[in-house]
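Participant: I have a structure I would like to understand better, so I am pasting it below and will then ask my questions one at a time.
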Amino acid sequence: MGYTADFEKALQVGRPPNISKLFPNSKALIVSGKVIDRAMLAKGKAIAMAGNGRNYFVVRGVLKAAQRANAAVIIEIAKSEGGQKAYCGVNYWNMARIVDALCNEMGITVPVAIHADHYGIKNDKDLAAAKIEVPTMFEAGMTSIAIDASHLPDDQNLLANIAVNPCIPSWAGLETEVGEIKGKEGLSTVPEALFLIQGLNARNIFPDWIALNNGTTHGIEASDAGIQVGLTADIHKALVPYSVSGAQHGTSGNSSDRLREIADRTATTKANVATALQMISWGLEVNDYGNAQLDANGNFIKVKGEGMTEELWAEMVAHAESKGWKKGDYKNLNLPFENKLLAQPQEVRERMAKRVEDFAYKMMVEVLNAKDTAPLGIAAILKSGSYDVGAKASRVEDPSAWSDSQIVERAKTIVSDKGPEGNFED
């Protein structure tokens, strides 16, 4: 689409300070996550794809799809995928460099946010570590973050969000979460969501997104339950006075019709897509909405001539079997095989990225309604004249009613089911 005058202006003023410092000569329009949210809101009933870049080919394919769709987009990685104990080669500290390089190579002219998803805080030790680690992630080019203390009781979730907030630049995209993503168990409620957002509001913290446990799962969606659209709509309606959008996690495996309903009936402007893009890049057979298909023996089906080579896939399967990994554990193949994937012939690498591109493009255009949102993101930058487009909300809650001790007392009145104990990380 070329470098338009508006794009050039946005490039001058719209890149946050960390991005300008890291990439002073770049033509990549890497922006705050706020810009992506505002672009979706400007179009209405539109959701940005947040592609989890579990490998290089996913990042490349999603960026190419966004350019084709003229759509603002988010590239993200979660703490489990790309933190200190990562199972992917793409991580919190190299993702911005990969995105910047690809944007410049491919002439990408759409706004792109770099999002640290599911930055988990489960205890005091995690919180202390976050105060050191989160700044390093922004120094490495992050422009948006999801603070996920949803594993904790409601009061501790809120207090953790408050405690880590000074480490997050005010211009950055901000997501918070209530309720762990664990399928139909422990669904989020209106009182829980209101408690979190009202408490943050009282402390002058205005998240761009809230993620819920609204019935979906991470990884391969085994049930047909999926996203509870009515529950999501009810919670979003209750949060209208606080101007917070929804972030939909665990999108892989949910039908296109259900995702269209989420776009139409809720305030969702961000949808995470992880497992589907990984499987598609590898060359596995998937259904229309990205769920990997299994053969009669319960094994993944490799499509001949698509994705990686058959030889490399056989090596990956053998590695997984040697470790005793189940199908949900195949994500752990990303890190040990990233360099082997990059060492394949060019035509193989290209078809891996192209497969992701075609799936992501169709999803952006036909399901998420994100087509032509790129100019709306650029317009938001130009309107503000800055990389900081500001908060959507202002303080309406009385801070004197939300001290730390009052937060603990208030939380005792919330009746909720947190669901089963366990490891529900991405």
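The values are calculated or read from the model by the stated rules, or taken from the named source; none is laboratory data. None of these values were measured; they are calculated from a predicted model. So basically every Cβ, Gly included, is an ideal-geometry build from the backbone, and we count neighbours across all protein chains shown.
The rows are residues; the columns are (1) surrounded by 21 or more Cβ atoms within 10 Å (Cβ to Cβ); (2) of a type in the set (A, V, I, L, M); (3) in contact with a strand residue (DSSP E or B) (Cβ under 7 Å, 6 or more places away or on another chain); (4) within 20 Å of A140 (Cα to Cα).
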| site | (1), (2), (3), (4) |
| --- | --- |
| R54 | yes, no, no, yes |
| A72 | yes, yes, yes, no |
| E76 | yes, no, yes, yes |
| A86 | no, yes, no, yes |
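Participant: I'm trying to understand the selection: among the residues of the range 1-47, which are in a loop (DSSP other than H, G, I, E, B) and not small (G, A, S)?
Facilitator: Answer for the range 1-47, where residues must be in a loop (DSSP other than H, G, I, E, B) and not small (G, A, S): M1, Y3, T4, R15, P16, F23, P24, N25, K27, L29, K45, I47.
Participant: Would you mind listing the helices (runs of 4 or more DSSP H) fully within the range 243-349 where at least 2 residues are buried (at least 18 other Cβ atoms within 10 Å of the Cβ), at negative phi and modelled with pLDDT of 95 or more? Steps first, answer last, please.
Facilitator: Numbers: elements: 256-265, 275-282, 310-323, 334-342.
Ranges flagged: 275-282, 310-323, 334-342.
Participant: Considering only the range 140-156, state which residues are closer than 19 Å to G53 by Cα and surrounded by fewer than 23 Cβ atoms within 10 Å (Cβ to Cβ).
Facilitator: If the condition is that a residue be closer than 19 Å to G53 by Cα and surrounded by fewer than 23 Cβ atoms within 10 Å (Cβ to Cβ), then A140 is the only one that fits.
Participant: One residue is enough: does the range 84-104 have a residue meeting the conditions touching a His at 6+ places or on another chain (Cβ under 8 Å), over 18 Å from V134 (Cβ atoms) and touching a residue at least 40 places away in the same chain (Cβ under 8 Å)? Lay out the reasoning, then the answer.
Facilitator: As a first pass, look at the range 84-104 and keep what is touching a His at 6+ places or on another chain (Cβ under 8 Å): none.
The answer is no, given that none of the residues of the range 84-104 is touching a His at 6+ places or on another chain (Cβ under 8 Å), over 18 Å from V134 (Cβ atoms) and touching a residue at least 40 places away in the same chain (Cβ under 8 Å).
Participant: Being touching a Gly at 6+ places or on another chain (Cβ under 8 Å), modelled with pLDDT of 95 or more and surrounded by fewer than 15 Cβ atoms within 10 Å (Cβ to Cβ) is true for just one of V13, V31, V35. Which residue is that? Let's see the steps before the verdict.
Facilitator: On the way: V31 fails: surrounded by fewer than 15 Cβ atoms within 10 Å (Cβ to Cβ); V35 fails: surrounded by fewer than 15 Cβ atoms within 10 Å (Cβ to Cβ).
Only one candidate passes the filter, namely V13.
Participant: If you check K302 against the conditions, is it basic (K, R), touching an Asp or Glu at 6+ places or on another chain (Cβ under 8 Å) and farther than 29 Å from D257 by Cβ?
Facilitator: no
Participant: Test Q406 against the stated conditions and say whether it is assigned to a helix (DSSP H, G or I) and among the polar types (S, T, N, Q).
Facilitator: Numbers: assigned to a helix (DSSP H, G or I): yes; among the polar types (S, T, N, Q): yes.
Answer is yes for this residue.
Participant: Restricting attention to the range 63-83, does a residue exist that is among the hydroxyl-bearing types (S, T, Y) and either without any contact (Cβ under 8 Å) to a residue 40 or more places away in the chain or out of contact with any Asp or Glu (no Cβ under 7 Å at 6 or more places or on another chain) (or both)?
Facilitator: Going through the range 63-83, the residues among the hydroxyl-bearing types (S, T, Y) turn out to be 80.
Then drop every residue that is not either without any contact (Cβ under 8 Å) to a residue 40 or more places away in the chain or out of contact with any Asp or Glu (no Cβ under 7 Å at 6 or more places or on another chain) (or both), which leaves none.
No; the residues of the range 63-83 include none that is among the hydroxyl-bearing types (S, T, Y) and either without any contact (Cβ under 8 Å) to a residue 40 or more places away in the chain or out of contact with any Asp or Glu (no Cβ under 7 Å at 6 or more places or on another chain) (or both).
Participant: All but one of (1) in contact with a strand residue (DSSP E or B) (Cβ under 8 Å, 6 or more places away or on another chain); (2) surrounded by fewer than 24 Cβ atoms within 10 Å (Cβ to Cβ); (3) under 18 Å from Q248 (Cβ atoms) hold for F23; state the number of the condition that does not hold.
Facilitator: Here F23 clears every test but (3).
Participant: Report yes if K362 is assigned to a helix (DSSP H, G or I), under 20 Å from Q67 (Cβ atoms) and free of Cβ contacts under 8 Å to residues at least 40 places away in the same chain, otherwise no.
Facilitator: yes
Participant: Look at K64 and say whether it is of a type in the set (K, R), part of a helix (DSSP H, G or I) and surrounded by fewer than 24 Cβ atoms within 10 Å (Cβ to Cβ). Working first, answer last.
Facilitator: On the way: of a type in the set (K, R): yes; part of a helix (DSSP H, G or I): yes; surrounded by fewer than 24 Cβ atoms within 10 Å (Cβ to Cβ): yes.
When the stated conditions are applied, K64 passes them.
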